[in-house]
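The values are calculated or read from the model by the stated rules, or taken from the named source; none is laboratory data. Here the structure is a predicted model, which means the values were calculated and not measured. A quick note on method: Cβ atoms are made from the backbone with ideal geometry, for glycine too, and the neighbour counts reach across all protein chains shown.
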């Protein structure tokens, strides 16, 4: 098998394993939690996205790692990780803008991963960073999907409010029509 085939196989199998763990164990456990607690648990793995900066370190990746991949993946991960940390603090602190921050983080983070995965030309150059897209990214993709599911479910239950939930009941910020 060539490197691209092995990469694709590892990526798909890792997504499948994480999806099974999520379906059988994580989702049932999170279903019993309030939205803020569930989101905190799902966002924590994304707080480590600073690891993507490794794509910029010569010696960890073969040179030349395609610049269109390296810079976008590294800084996209870094920004996503910072947004994850901010979302965690906002959720834990029960900020009124916590859920909008989670939406922003989840959209930016998902777009970053999908953008990075379209760069197949980078695969032969990954070297020691191979584990990031074949082991870490699948976990991040599954948790992004779970975060979207939780956010959409919450929005369906409470269409009058973007941020109001039991966790944010004292929050004055809502999108409810005040007429």
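From the list 55, 48, which one is in contact with a strand residue (DSSP E or B) (Cβ under 8 Å, 6 or more places away or on another chain) and either part of a helix (DSSP H, G or I) or within 18 Å of residue 139 (Cβ to Cβ) (or both)?
Working: 48 fails: in contact with a strand residue (DSSP E or B) (Cβ under 8 Å, 6 or more places away or on another chain).
Result: 55 is the single residue among 55, 48 that is in contact with a strand residue (DSSP E or B) (Cβ under 8 Å, 6 or more places away or on another chain) and either part of a helix (DSSP H, G or I) or within 18 Å of residue 139 (Cβ to Cβ) (or both).
Do we have residue 105 as buried (at least 19 other Cβ atoms within 10 Å of the Cβ), under 13 Å from residue 39 (Cβ atoms) and at pLDDT 90 or above here? Considered against the rule, which asks whether it is buried (at least 19 other Cβ atoms within 10 Å of the Cβ), under 13 Å from residue 39 (Cβ atoms) and at pLDDT 90 or above, residue 105 comes out as yes.
Each residue in segment 122-161 was checked for being touching a helix residue (DSSP H, G or I) at 6+ places or on another chain (Cβ under 7 Å) and over 23 Å from residue 80 (Cα atoms), and 1 of them qualify.
Among the residues of segment 83-100, those identified as more than 11 Å from the chain's Cα centre (by Cα), farther than 17 Å from residue 34 by Cβ and touching a residue at least 12 places away in the same chain (Cβ under 8 Å) are 85, 86, 97, 100. Taking the conditions (1) assigned to a helix (DSSP H, G or I); (2) more than 18 Å from residue 136 (Cβ to Cβ) in turn, residue 64 satisfies each one other than (1). Look at (1) within 16 Å of the chain's Cα centre (by Cα); (2) surrounded by fewer than 21 Cβ atoms within 10 Å (Cβ to Cβ); (3) in contact (Cβ under 8 Å) with a residue 24 or more places away in the chain and you find that residue 54 fails only one, number (1).
Residues that are touching a helix residue (DSSP H, G or I) at 6+ places or on another chain (Cβ under 7 Å), surrounded by fewer than 21 Cβ atoms within 10 Å (Cβ to Cβ) and part of a helix (DSSP H, G or I) within segment 91-102 comprise 92, 101, listed in sequence order.
Of all residues in segment 118-144, which are out of contact with any strand residue (DSSP E or B) (no Cβ under 7 Å at 6 or more places or on another chain) and not in a helix (DSSP H, G or I)? Break it down stepwise before answering.
Here is the first cut: in segment 118-144, the ones out of contact with any strand residue (DSSP E or B) (no Cβ under 7 Å at 6 or more places or on another chain) are 118-124, 128, 130-144.
The answer is 118, 119.
Across segment 64-81, the qualifying residues are those that are loosely packed, with under 15 Cβ neighbours inside 10 Å and free of Cβ contacts under 8 Å to residues at least 24 places away in the same chain, and the one among them that is farthest from residue 96 (Cα to Cα) is 67.
Among the candidates 80, 37, the residue that is assigned to a helix (DSSP H, G or I), touching a helix residue (DSSP H, G or I) at 6+ places or on another chain (Cβ under 6 Å) and farther than 15 Å from residue 122 by Cβ is uniquely 80. Determine the pairs where a residue that is closer than 11 Å to residue 72 by Cα, located within segment 107-132, has a partner that is modelled with pLDDT under 95 and outside any helix (DSSP H, G or I) with Cβ atoms under 9 Å apart, the partner being 6 or more residues away or on another chain. Close Cβ pairs satisfying both conditions: 119/66.
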